[in-house]
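Have a look at the structure below before the remarks.
The values are calculated or read from the model by the stated rules, or taken from the named source; none is laboratory data. Since the model is a prediction, treat every value here as computed from it, not as a measurement. Because the Cβ atoms are built from the backbone with ideal geometry, glycine has one as well, and the counts that use them run over all protein chains shown.
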Amino acid sequence: MTVRLRKLFHDLTTEDLKQLDRQSAVAVLTVGATEQHGPHLPLATDTIIGEGIVAAALAQVSEKVSALVLPTLPYGDSIEHTAYPGTISLEPQTLFDVWLQIGESVARAGIQKLVIFNSHGGQIHMVDSVAKHLRVKHDMLVVKANYMLFDIFADLFVARELQFGLHGGAVETSIMLHLCSELVRLDKAKDFKSSLENTVNDHPHLTTVSDAAFSWSSQDLNPAGACGDATQANADLGRVVVERASRILANMIEEAATFSLASLSSNP
Ligand SMILES: [Zn+2]
């Protein structure tokens with residue numbers, strides 16, 4: 001499936017940006033990852049999913065909204081996957097600096113609203129931190145969005161999968177089958193059982209609903225580098241996830257456009 005982004009930031013000219021309605025324009029930054037996703041999914045999985053959902057969202061955003069998609073960042077903080085070849089990981093300080101400086105550059109272009117769409121679970125905390133700094137230093141509205149945190153999965157996947165299928169399981173494999181099936185090696189998809197399924201019995205307080213209460217490295221959960229039942233994946237499920245996630249993201253972009261920057265004050 002090929003989707004064209006509606007409006008790319010870097011297709012504009014510097015003159016275009018001068019004429020922009022700076023109060024309502026929203027920049028959208030997709031932050032993905034290049035990291036191992038088990039034997040059946042490509043290294044680009046998070047980046048492909050991020051771009052796919054953003055493209056689908058852009059197609060739904062009102063034509064009245066100036067939503068400008070910045071070039072995607074395909075590298076993230078993926079240290080938990082570095083035991084596997086192919087993972088490219090940036091140190092948190094590097095990533096923080098890059099995201100912050102992109103945000104500062106967006107502000108310098110006169111755009112005070114930024115939606116960061118993150119498709120990698122391992123850097124949610126980083127998005128929070130950068131967003132906070134851009135708010136305080138540059139009076140920006142920074143909206144933090146990660147489809148994994150959207151309430152869209154409960155009727156699509158069984159509870160076991162939602163609790164333990166954290167990486168390369170039915171959710172990500174389904175989305176990839178919808179967006180980019182030619183890169184999925186379905187013959188290598190398995191039920192990659194997570195070690196957290198044992199931990200939840202012996203150490204229930206260390207295993208929460210959707211993640212572990214301790215930091216893990218991918219091999220802790222399953223030596224294959226994936227966890228979750230990838231055999232339950234199908235393209236229809238992936239299509240529904242992308243439809244739901246992109247609708248929410250489109251709403252977030254439209255609401256950011258109408259949000260009053262005057263409500264973000266520099267002084268008490
Ligand atoms: Zn992923």
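Could you tell me which of the residues Ala67, Ala44, Ala83 is more than 12 Å from the ligand (Cβ to nearest atom) and under 29 Å from Lys7 (Cα atoms)? It would help to see each step written out before you state the result.
Details: Ala44 fails: more than 12 Å from the ligand (Cβ to nearest atom); Ala83 fails: under 29 Å from Lys7 (Cα atoms).
Checking each option against the conditions leaves just Ala67.
Return the pairs, sorted by first residue and then second, in which the second residue is surrounded by 10 or more Cβ atoms within 10 Å (Cβ to Cβ) and in a helix (DSSP H, G or I), the first residue lies in the stretch 256-268 and is touching a residue at least 60 places away in the same chain (Cβ under 8 Å), the beta carbons are less than 8 Å apart, and the residues are 6+ apart or on different chains.
Pairs found: Leu264/Arg135.
Does Glu91 satisfy the criteria of being away from the ligand (no atom under 13 Å from the Cβ) and under 17 Å from Met140 (Cα atoms)?
For Glu91, the condition - away from the ligand (no atom under 13 Å from the Cβ) and under 17 Å from Met140 (Cα atoms) - is not met.
Looking at this structure, is Leu166 within 13 Å of the ligand (Cβ to nearest atom) and in contact with a Cys (Cβ under 9 Å, 6 or more places away or on another chain)?
yes
What do you reckon, is Val3 modelled with pLDDT under 95, assigned to a loop (DSSP other than H, G, I, E, B) and touching a strand residue (DSSP E or B) at 6+ places or on another chain (Cβ under 8 Å)?
In short, no.
Only one of (1) away from the ligand (no atom under 13 Å from the Cβ); (2) touching a residue at least 40 places away in the same chain (Cβ under 8 Å); (3) surrounded by fewer than 23 Cβ atoms within 10 Å (Cβ to Cβ) is not met by Ala107, so which one is it?
Tallying (1) away from the ligand (no atom under 13 Å from the Cβ); (2) touching a residue at least 40 places away in the same chain (Cβ under 8 Å); (3) surrounded by fewer than 23 Cβ atoms within 10 Å (Cβ to Cβ), Ala107 fails exactly one: (2).
Tally the residues that are farther than 22 Å from Phe259 by Cβ and either aromatic (Phe, Trp, Tyr) or not in a loop (DSSP other than H, G, I, E, B) (or both), restricting the search to the stretch 28-55.
Residues that pass the stated criteria total 10.
With the condition kept exactly as written, say whether any residue in the stretch 144-154 is surrounded by fewer than 19 Cβ atoms within 10 Å (Cβ to Cβ), at pLDDT 95 or above, touching an Asp or Glu at 6+ places or on another chain (Cβ under 8 Å) and under 17 Å from Thr30 (Cβ atoms).
yes
Only one of (1) more than 27 Å from Ala67 (Cβ to Cβ); (2) touching a Gly at 6+ places or on another chain (Cβ under 6 Å) is not met by Ile175, so which one is it?
Unmet for Ile175, out of (1) more than 27 Å from Ala67 (Cβ to Cβ); (2) touching a Gly at 6+ places or on another chain (Cβ under 6 Å): (1).
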